[in-house]
1. Mind checking which of 37, 23, 96 has the largest fluctuation in a GNM of the chain, springs on alpha carbons under 10 Å?
2. Of the residues 16, 83, 140, which exhibits the maximal mean-square fluctuation in a Gaussian network model of the chain defined by a 10 Å Cα contact cut-off?
3. Could you give the length gained on full extension between residue 28 and residue 102, defined as 0.36 nm per residue of separation minus the Cα-Cα distance, in nm?
4. Taking residue 156 as the anchor, which lysines have their alpha carbon closer than 27 Å to its alpha carbon, excluding any fewer than eight residues away along the same chain?
5. Would you mind ranking 39, 186, 132 by Cβ crowding within 10 Å, fewest neighbours first?
6. Have a look at 115, 89, 159 and tell me which one the Gaussian network model of the chain (Cα, springs below 10 Å) gives the largest fluctuation.
7. Fewest first, what order do 49, 91, 124, 97 take by the number of other Cβ atoms within 10 Å?
8. Counting only DSSP beta bridges with both residues in the chain, tell me the antiparallel percent, nearest 5.
Amino acid sequence: MSKTSFYNKTELAKLGLKSYGRNVLISREASFYGAGNIVLGDSVRIDDFCILSGKITIGSFVHISAYAALYGSKGIKIKDFSGISPRVTIFSATDNFNGKYLIGPLVPSKYTNVTGGKVVINKFVQIGAGSVIMPKVSIGEGAAVGALSFVNRKIKAWTINAGIPVKFIKHRDKGLVNNANRFLKVKE
């Protein structure tokens with residue numbers, strides 16, 4: 001048996017994930033912290049040098065590209081047919097940088113002020129390369145976020161957004177929903 005860049009079924013089972021579906025491809029170079037809190041659906045691919053930490057639920061037909069980091073201490077949910085491009089960072093919690101509190105994971109919590117909330121990325125969402133998603137953000141179904149965007153607010157469904165901070169650019173076509181439905185019928 002030849003070695004590939006992805007874990008085989010036996011190795012995948014040893015990662016300690018809470019659960020995972022069929023056709024899951026995880027790079028041997030990806031890192032998991034708290035794997036027992038991570039759920040993966042069917043047909044999920046996680047590429048080289050990704051970091052997944054905390055409470056993360058990923059639906060089916062989701063691709064997490066190289067160097068993406070998902071910090072899910074307060075929860076991250078990525079729904080079906082969504083994509084996370086290279087070097088995207090998703091934070092569900094953040095330190096307070098106002099100068100009144102210490103910062104960092106090695107400082108006792110009574111001296112810090114970590115806040116946050118669950119991040120939800122709905123179905124058919126695409127996040128462009130190098131974007132940063134902040135805590136408590138919900139990205140509506142079918143939305144697209146352009147490369148190098150800073151997402152610090154809710155994104156409406158079926159829109160294209162980009163910038164620092166992110167702003168609405170235009171509406172997005174919903175045709176991919178029909179393609180997904182046809183794909184799923186053929187797959188059955």
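We did not get these values from a lab; they are worked out from the coordinates using the rules stated. Model, not experiment: these values are computed from the prediction. Reconstructed Cβ throughout: ideal geometry from the backbone, glycine too, with neighbour counts over all protein chains shown.
1. 96
2. It is 16.
3. Working: separation 74, 0.36 × 74 = 26.64 nm, distance 3.49 nm.
Gain in length upon complete extension: 23.2 nm.
4. Partners found: 55, 74, 77, 79, 118, 123, 136, 167, 170, 174.
5. Details: 39 16, 186 7, 132 19.
Going from least to most buried by this count: 186, 39, 132.
6. Evaluated over the chain, the most mobile residue of the options is 115.
7. On the way: 49 15, 91 21, 124 24, 97 9.
Listed from fewest to most nearby Cβ atoms, that is 97, 49, 91, 124.
8. Values: 7 of 48 bridges.
Taking every DSSP beta bridge with both residues in the chain, the antiparallel ones total about 15 percent.
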